[in-house]
1. Using the number of other C-beta atoms within 10 angstrom as an exposure proxy, rank S37, S69, S87 with the fewest first.
2. Quick one: Karplus J couplings for the stretch 62-75, per residue in order, coefficients 6.51, -1.76, 1.60, θ = phi - 60°, nearest Hz, x for Gly and Pro?
3. If amide H atoms are built 1.01 Å from N in the plane of the peptide, which residues on other chains or at least 5 residues away come under 5 Å of the amide H of S69?
4. Taking H as built 1.01 Å from N, whose amide H comes closer than 5 Å to the amide H of T64, not counting residues under 5 places away?
Amino acid sequence: MGWVMKRREFIALLSMSAAWPDVALAQQRPTLGMLSSSGLPEWASKPFRAGLEEAGFVEDRNLTVIALSAENLLDRLPALAAELVKS
């Protein structure tokens, strides 16, 4: 009986590992990071995002957009850049 249980566990593990790459790929999507020293530039707004959609990228569906601004506080840029790279 112990062998049968191990066999079942092995089969379950094997099927989970076979499905894992598909799950991992489904969760991955490109990330576009934008960093500005002042307010976010106009190109980061509607026309820019419309251009992304024309190219087939829709934010929160198949593209993650991270836009950060230092709001004219230049000493914040290094920390924001590190945050952008980390994300």
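1. S87, S37, S69
2. For the stretch 62-75, the Karplus-derived couplings read 10, 8, 9, 10, 10, 10, 10, 9, 7, 6, 6, 9, 4, 5 Hz, x marking Gly and Pro.
3. Those lying under 5 Å, H to H, from S69 are S36.
4. Here T31, L32 satisfy the definition.
Each reported figure results from applying straightforward, stated rules to the coordinates on display, with no laboratory input. Please read these numbers as outputs of a predicted model, since none were measured by experiment. When we count neighbours, we look across all protein chains shown, and the Cβ atoms used for this are built from the backbone with ideal geometry, even at glycine.
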